[in-house]
Amino acid sequence: QHQQSPMPNQQHQQQQQQMNTNPMVVLSGQHQLQPQQQSSRGSFYNESTTPNNNINYQQLQQQSSSQDDDLTRSAKRSASAPQQSDTTSTIVSIHLPLLNPQNPSGTLLRQYFELSTNNVLNLPPIPTNEEYCAMMMMLTQQQQQRGDMYSTSTTTMGNLTPETLPWYDQSALNAARFSQLALGALSNDQVGLALELSNACVLCLKNCVDEPSHKSCLSVLARAYLLHGIFRSLRGDFTRYFKYRRVCMTQIYMLEEAGQQQQQQPQDVEVVDALLAAISFHDAWAYMMYNAVEDELPDIDTVVPRVYNNANHSNGGCNVGCGRQMVTDPMNQMWIQGEPRIFLKNEARVVDRSLDAISCAVRSCCDQANRDFAQMSQAAGGGGGGAVSEMTTPTSLAVMASENELCSRNMVLSAQALVNQNNANQRVTKPGLIMMITAMDAFLENSDSGDSDGSGGGGGAEEGGFSETQIGNLLSACEMAIKHPLLLHSPGPVYHMMSNAAVLLCHLLNGLHAKCSLRESSIDSSGDEGAGGNSNSSNNMERELFYNTLDTFMSIRKLLNMHRQNLPVKLRCHAIPRPNIGLSKETDPETPFIDLGETLMCTCRGCQGFVLMGCSPCVAAERAQRSARVQAIQLEDDDEFKREIDDLGDFNLDDDALFSILSRVANN
């Protein structure tokens, strides 16, 4: 009943015609969907990405679990079936029902995407088929009024309907929608389904390698390439992320050229700003993981050429020139550096400007951490950091040129001011940005004094203490992560931020525990419980703060460890130790409440600064080297990730085939 056999060409064409005219997708066996009434939103999935706050997730999960298992089993059986480049492949046909708005499994995956990835990136919704057709008709009318023509028939584009949508455009829309579903499945720990959905995205993108007859679908293609690249990076494959990111920037450049030819729609400008802000934010994470060392980046120029500016076109204004300048700038070919151009663009959306400001702050912190690491290595006499100490990056040069505006502390304050502004049309209601700004504010408090490690991670303390504002921000950020655990699956350095916030809670707990223990031991020795109500009140407040912080720390630590176990070893942040409580723990007053010396540190130097606060250079260097050795051993023994790489064999072949076609088209 579930066997998939190669379909004759005539029968396949009939099925493809039926797919374009009817929301029902014909499948065999129990995967056959019942005909549904044509909705006013279109026959395919309408990508209204606003989350439904009234959705019953438990009910949807129960309704869709059996269907997900059936789809996954059927997809594995049919993965080896013959595929045709000019028709719908088998795996795409199997998962195409998930794009239908009435499908409960697809609805659940879209909600997971909204609550994780898009909670931070805030990308505009993908146009529905009806909205896309209306946009094309409007663009055709504008072309006719100017006397311009598409390469395709103006009559055909002017009379476009969802049922007559060209194959190129439908494939581009489906690719973008599959990329969102893949990230949604990944955030729900449905790794097998996520891999198949990402492969469906690649197969749809293979139908879009030729130059389109018009430029309106380039923004949809750019989104699909970026989200698929983010998906690959979240599985540890940064090489493919950099490749897909480069292709996305190429699409943005072509879309900007269309703006010169008056083929760009106003909504395309908004999408370009959102995509560039998303690229900048996720690049900041890659910037951290590679410790800002460009020599360690993969060489992708032979596969996907660099994006060069066409000398025949001028910049032509802020809205058009800003995107082209960013994607063609030589320093941005691998990751975005320098000044935050989207933040400096007043016409951009508030969420995009805030996200770009946070990205610039993260890069500045990473540069500061590299300088601190170089000084620590030199003080320890081990060398190995001299070259880093003299390294100047485009971001550090831009910050030094405008330190009062672009320093990391002011970037966070500016992002906070943008988020809190009273603009009803752009008011931010999603917790992702607010959580990151709150955490960064705690990290960088008092960093302007130059005495702390705030710029490199973990400052804001005077004589090892924490201010009330810093404590409140740390607890608030961790509580938001506890309330919204899917945010840990977001792109960029969100997971690393929360791991470092948990480490700062460890320092806070150690300080409170030592202070309270010392006071109690002095009371026990002297028998004097204090000479005044103020002292008792202060003791009670500190004791209450300690237990409140301990409750938050235990919750966020459990959440982080569960998320960490599902990540490849190379992407894992700190493994935070338990407090010294329990039956087998000794209560030595000199023993720290949480021994951070047992922490398996992240490979990122910016994250290591949080754990190594207060350590001498020699101790810090020794602990960093020990963590690096353990990480290398674990990376070699990461059998689960190796099995996943083997399972990705067929999927990687499709990726490589797509890159081969793109490279050939670009070189020609």
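Key figures for this structure:
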read-out: Residue that is modelled with the lowest pLDDT, among those in segment 322-348 that are open to solvent by 40 Å² or more (accessible area, probe 1.4 Å) and of a type in the set (D, E, K, R); value: Glu347
read-out: Those residues of segment 290-321 which are at pLDDT below 90, open to solvent by less than 30 Å² (accessible area, probe 1.4 Å) and not hydrophobic (A, V, I, L, M, F, W, C), in sequence order; value: Gly321
read-out: Entirely in segment 113-198, the helices (runs of 4 or more DSSP H) that have 1 or more residues that are at pLDDT 85 or above and in contact with a Leu (Cβ under 6 Å, 6 or more places away or on another chain); value: 117-121, 129-146, 167-187
read-out: Residue satisfying condition, being under 14 Å from Leu662 (Cβ atoms) and under 18 Å from the mean Cα position of the chain (by Cα), within set Cys208, Cys248; value: Cys248
read-out: Filter result for Ala224 (part of a helix (DSSP H, G or I), of a type in the set (Gly, Ala, Ser), at negative phi and under 18 Å from the mean Cα position of the chain (by Cα)); value: yes
read-out: Residues that are in a helix (DSSP H, G or I) and either open to solvent by 10 Å² or more (accessible area, probe 1.4 Å) or closer than 14 Å to Asp655 by Cα (or both), drawn from segment 199-218; value: Asn199, Ala200, Cys201, Val202, Leu203, Cys204, Leu205, Lys206, Asn207, Cys208
read-out: Identity of the residue in segment 601-627, over 21 Å from Gly492 (Cβ atoms), part of a helix (DSSP H, G or I) and of a type in the set (S, T, N, Q), that ends up nearest to the chain's Cα centre (by Cα); value: Ser627
read-out: Verdict on Lys243 being outside any helix (DSSP H, G or I), surrounded by 22 or more Cβ atoms within 10 Å (Cβ to Cβ) and of a type outside the set (S, T, N, Q); value: no
read-out: 1 or more residues modelled with pLDDT of 80 or more, among the polar types (S, T, N, Q) and surrounded by fewer than 22 Cβ atoms within 10 Å (Cβ to Cβ): qualifying helices (runs of 4 or more DSSP H) within segment 374-445; value: 394-401, 403-406, 408-420
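Rundown of residues vs (1) aromatic (Phe, Trp, Tyr); (2) out of contact with any helix residue (DSSP H, G or I) (no Cβ under 8 Å at 6 or more places or on another chain); (3) at pLDDT below 85, yes/no style:
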site: Gly527; (1), (2), (3): no, yes, yes
site: Ser535; (1), (2), (3): no, yes, yes
site: Met541; (1), (2), (3): no, yes, no
site: Phe546; (1), (2), (3): yes, no, no
site: Ser555; (1), (2), (3): no, no, no
site: Leu559; (1), (2), (3): no, no, no
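The values are calculated or read from the model by the stated rules, or taken from the named source; none is laboratory data. None of the values given here were measured: they were computed from a predicted structure. Backbone-built Cβ (ideal geometry, glycine too); neighbour counts: all protein chains shown. When the accessible area is computed, the model is the full protein with side chains, heavy atoms only, and any ligands, DNA or RNA have been set aside. Shrake-Rupley method; radii C 1.70, N 1.55, O 1.52, S 1.80 Å.
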